[in-house]
Amino acid sequence: MKVRGQRECRDCGARWSYYDTGSVECPDCGSLKSVGVEGERRLHTDSPADLDLSDARELVDVQPLREVADRAGDLAREYVRKRGFVRGGDLLALDATYLAALELRHAADVVGRGLDLSDDEEWYFLALLRQADSEEDQRPDAAEVPESMRPIRGLAATDAAGEYRGEMADWLDETDAESAGIGEEAGRDALETLDSHVRRVRALDGDVTPETADLLVAAAREVGQYLAEGDADALASARDRFERLRV
């Protein structure tokens, strides 16, 4: 949606940024009577959100794993629901926490309905639960993903890259490409190619190698880097990854 970022409370006169709070409620007095005072409306899809999995981790030693998974999945799902990739007209990066939350959500769904999980599958889920809310990408390495859980990483990659691609396209629709220092045709071609790879992996229900899933995410991030920063090297790298994804 497009919103005016700066708001003013009609009751106490305080001003704040909707882009920072995601709320029309006055942070000073709590009034819901506010008005946008910024002349320009800007595309904005991201809301303030923190992924905190401590509630689920506390259940690990006291509840069945299925109940732990249900709680972890709820927390990851709520976080993902609030997140977006455009803040006040600025295109954001596809960050590690969002990606890990998606992977944890899919893993939690499998664990939550699983009756006979292997030790490797339990380890994979617990590793995600332990690390997903860190600020860096601390997911298990591709080589550590159990073969039975490969679709989990693939589906998380398609969800992340697909959602990011959609918001990048919306952002480009609202952006003067020349002023941003990017080629609009090059950007749209990259988005179209990314979309075709997302659709292919999704059609396979995510059942690709973890390395392929990670390659898809890396390409999406580099397309975003090109659009946000005009980084031609990032676009060239994304194109190279696309070629490798075709193999």
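The values are calculated or read from the model by the stated rules, or taken from the named source; none is laboratory data. Note that this is a predicted model, so its numbers are computed, not measured. Methodologically, a virtual Cβ is constructed for each residue, glycine included, from the backbone with ideal geometry; neighbour enumeration extends over all protein chains shown.
Annotations
Conditions (1) crowded, with 16+ Cβ neighbours inside 10 Å; (2) part of a helix (DSSP H, G or I); (3) of a type in the set (D, E, K, R); (4) not assigned by TED's automatic domain parsing to the domain that holds LYS82, marked per residue:
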{"site": "SER148", "(1), (2), (3), (4)": "no, yes, no, no"}
{"site": "PRO151", "(1), (2), (3), (4)": "yes, yes, no, no"}
{"site": "ALA156", "(1), (2), (3), (4)": "yes, yes, no, no"}
{"site": "ASP159", "(1), (2), (3), (4)": "yes, yes, yes, no"}
{"site": "GLY166", "(1), (2), (3), (4)": "no, yes, no, no"}
{"site": "THR175", "(1), (2), (3), (4)": "yes, no, no, no"}
{"site": "GLU185", "(1), (2), (3), (4)": "no, yes, yes, no"}
{"site": "LEU191", "(1), (2), (3), (4)": "yes, yes, no, no"}
{"site": "LEU194", "(1), (2), (3), (4)": "yes, yes, no, no"}
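- The combined condition, being of a type outside the set (Val, Ile, Thr), closer than 30 Å to ASP173 by Cβ and surrounded by fewer than 19 Cβ atoms within 10 Å (Cβ to Cβ), is fulfilled by ASP90.
- When ARG66, ARG81 are screened for being among the charged types (D, E, K, R) and under 15 Å from ALA56 (Cα atoms), only ARG66 passes.
- Any chance ASP205 is of a type outside the set (Ser, Thr, Tyr), in a helix (DSSP H, G or I) and farther than 19 Å from THR45 by Cα: no
- Matching residues in the stretch 228-247 - criterion: being closer than 22 Å to LEU91 by Cβ and either assigned to a loop (DSSP other than H, G, I, E, B) or touching a strand residue (DSSP E or B) at 6+ places or on another chain (Cβ under 6 Å) (or both): ALA228, GLY230, ASP231
- Number of residues in the stretch 112-167 that are in contact with a Gly (Cβ under 8 Å, 6 or more places away or on another chain) and hydroxyl-bearing (Ser, Thr, Tyr): the value is 2.
- In the stretch 127-137, residue farthest from THR209 (Cα to Cα) [restricted to those that are free of Cβ contacts under 8 Å to residues at least 60 places away in the same chain and buried (at least 16 other Cβ atoms within 10 Å of the Cβ)]: GLN131
- Test result for ALA186, within 30 Å of VAL110 (Cα to Cα) and at pLDDT 95 or above: no
- Looking at TRP123, TRP171, just one residue is surrounded by fewer than 24 Cβ atoms within 10 Å (Cβ to Cβ), at pLDDT 95 or above, under 25 Å from ASP20 (Cβ atoms) and among the aromatic types (Phe, Trp, Tyr), and that residue is TRP171.
- Of all residues in the stretch 225-243, those that are closer than 20 Å to LEU155 by Cα and out of contact with any Ser or Thr (no Cβ under 9 Å at 6 or more places or on another chain) total 1.
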